[in-house]
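Below is one structure; the comments refer to it alone.
Read the figures in this text as sums done on the coordinates, not as results from a lab. Only a predicted model underlies this, so the values are computations on that prediction, with no experimental measurement involved. Cβ: placed from backbone, ideal geometry, glycine included. Neighbour counts: every protein chain shown.
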Amino acid sequence: MGLTRRQLLKRSSIGLGAVLFAGCAVPEREMVAQSPGRIPEDLVEGFDAHYATLCRVCDNPDGILVRVMEGRAKKVEGNPDYPLNLGKHSVKCEAGLQALYHPDRIRTPLIRDVRGGEVRSATWDEALDRIVSKFKAGQSQPKGMALLTSPLKGHLGLVASRFAEAYGGRHFALDTLEETVLRQSMKTVFGQSRIPHFDIENAKCVMSFGSDFLGSWLSPVHYSRQYGELRQGEKRGKTGRGILIQVEPRFSLTAANADTWIAVRPGYEGALALSIASAIIREGLADEAAVGRFRQLISAETLAKYSEDGPEAVKTGVSAKRIKELAHEFVANSPSLALGGGSAGAHTNGLFNLTSVYALNILVDNIGKAGGIIFNPESPMPGVPDVRKSNTLAEWKQLAEDMRGGRVQLALVRGANPVYGLPGEIGFSEALGKVPFVVSVTSFHDETTAQADVILPEHTYLEDWGDDIPDPGPGFQTVGIQQPVVMPFGSNGGTALVPAGTSQGFGDLLLNLAQDVGGSLQKDFKDWGSFDDVVREGARRLYEDKKGALPLNVGTTTASSFDEFWIGVLQRGGWWDHKAVAAKRGKTPGPFPVARDPEFRGSPSQFPMFLIPFPSHSLGDGTGAHLPWLQATPDPLVTAVWQTWVEVNPATAKELDLKEGDIVRVESPVSSIEALVYPHPATAPDVVSIPMGQGHKGYGRYATDRGANVLDLLGSGEDKETKAFAWAATRVRLIKTGRRSRVPKTEGVVPAIQVNHAPVVQVTRG
């Protein structure tokens, strides 16, 4: 039986139970987790305790250890056992503590009696009564409810999708930098849609197209650790230091750490990849078997158009001589690995680009081998979402049209901010305003929450249960466990650091609503209890065989009983089995996408510069902008903080009479923003780059009215094949405003310059 509302509210206020365990102090000796323990608020002896959980600030959650003293979370460290990050962690993990104690956290349920009016505090009973009545009234309208979330995996993703389906609604997942194109390229080249494990640490040469894997792409902590191993030289039997080649219009963090940076013309990454492939075959660098497999995907007729000295190669901005050099370097330094993603896939020809890039791996025969492409296995929990899927831009456009057409009566939003995170051209704010009833489940106000009729305060991840299957994984079956490390926000056992109030976990809220709304929802969830029970029962499937009769006793945690197994999983931060791997070879590749040139919004005559937006190293696509630690984290290249800047080539800046700190108006065919000029010698003359993450209009005191939102400039262009968001397909121009402001940065006031006799960076085109 599911919990009633009163049972849920009572349960959420009494504490964490006996599954949390105390740990020994560090750093005097290695941390040893112990069990059983007491709820953290009882630990008043002045000794540290350490709890293993997951960082939910990261898109692909890293395993972390949280230091807790006297019921208060004090410090976050990487979990040395968790296979994705092996003890490493990012600034995003550290900043999770600020979300827990943030002064702008929503303390109580809020109700807006008049659309567009002010909110008022309410009790949980009043807020839930209003929500339940609207849900009961809307049950008769098919597809009349839209559940809008961030991409969800694990059992929370299962509960959310089942809730939407049982109600007869639709579930939409928002990822501004969606990886739809990447996943389809995996399916085309390798016959499977899971993102593989890229074995960077055992490669000798890595050639990356657009994927800033050291900065923001997919799982940067995981890849950064591997990059360190790549550079170790003699380690693991390698004969020398590994080589990194970065092909990307913008000089990213990965480009800054590369041996070679190729400033390819935006949108022509696929053409360059095929030109390299053509050179490999024409020069006889690949064996005949590999060439045969390659031509199963790409015909000789298609490839012939991309000879290194042909017209298609010329479009890339890279010389024929350089293309041949890249071909030789890539093949000679075996094992070699080709990666593609980020801006390379964010064009109208994105699928062509990434498919061409990943096809290079066929020529060097690295599939299923150390230093190459290692497929990730099936989930150890069948039926539980294990892929971080998101909806395409085309699907979000259709949803906006449905909202404007009155076909959506209810919207339930959690962990997503589509008003901010979708291009302004879609008009999602206006569309959401047409929905009669909007509920937001969140810890903080944002641009989407500003349009909600009811706002429910949510636990942060340090107060809640969950699980996760890494995507991409480490090459073997892995499940991470998220457990609460402190009492829930504003509970009866809260401290003076946490104001009085109540928050709830999203999983428990959905289960509770299902019981109260009744009908098909109640029937579908009748066997589901609280969400921590759901997570616990999911772990039981890791312990028992498919018939539920015998212990598996495989992987890193084995036990004679499930209770013992469960404690061990919590202590370790999850479960994984190094022997549970996927097949070395993929299935038959799919049809090669249509070869096409990129299309850009804006004519070259009016808008002469390519715009390359890039996710902030700390703020991401803007989800971390409310945390001051992330705002104050310097950009790793220009060291700027707290603002939006425009990276522009110094020669281009001189032509436009621009200096560092000048405020320019960046205009696109869609809109305009203002930002600070930052001349950067490692910028192509016809490219400008602007970080994402700033420009919020209502995201707390640390983010609101700070900088500009580069997404406002973007057209709603799509990849021609997948209909994914082509966020790198817009052209702009710069207009000097005559105003100035110092760029807030930590490197000082001396601008970066290039010495003529000793160039720091050589741009390969222009």
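For the reader, a short list of remarks on this structure follows.
- Counting only alpha carbon atoms, the long axis of helix 506-517 and the longest principal axis of the chain meet at about 50°.
- Once you reduce the stretch 673-738 and the stretch 260-328 to the center of their Cα atoms, the two points are 31 Å from each other.
- Peptide packing for 362-369, 343-350 was compared via the average number of neighbouring C-beta atoms within 10 Å per residue; ordered from the highest value, the list is 343-350, 362-369.
- Listed cross-link partners LYS584/LYS720; LYS153/LYS526; LYS92/LYS187; LYS187/LYS720 are compared with a 24 Å cut-off, the Cα-Cα value being larger for LYS584/LYS720; LYS92/LYS187.
- Area projected by the alpha carbon convex hull of the chain, averaged over all directions, nm²: 33.0
- For HIS347, the shell of other residues with beta-carbons less than 9 Å away shows a net charge of -3, using +1 for Lys and Arg and -1 for Asp and Glu.
- Inter-centroid distance (Cα atoms) of the stretch 94-136 relative to the stretch 203-226, Å: 39
- Alpha-carbon centroid distance for the pair the stretch 401-432 / the stretch 634-658, whole angstrom: 33
- Near LEU303, once Lys and Arg are set to +1 and Asp and Glu to -1 for all other residues with Cβ below 12 Å from its Cβ, the sum equals 0.
- The chain, relative contact order [Cα under 8 Å, separation at least 6], %: 18
- Packing-based order for 76-86, 513-523, using average beta carbon neighbours within 10 Å, highest first: 76-86, 513-523
- By the rule of a C-alpha distance below 18 Å, with chain neighbours fewer than 8 residues away ignored, the lysines paired with LYS305 are LYS315, LYS321, LYS324.
- Helix-only CD estimate at 222 nm, as mean residue ellipticity for the chain, using -39500 (n - 2.57) per DSSP H run (n ≥ 4): -7500 deg cm²/dmol
- Charged neighbours of GLY715, selected by a Cβ distance under 9 Å, balance to 0 (K, R count +1; D, E count -1).
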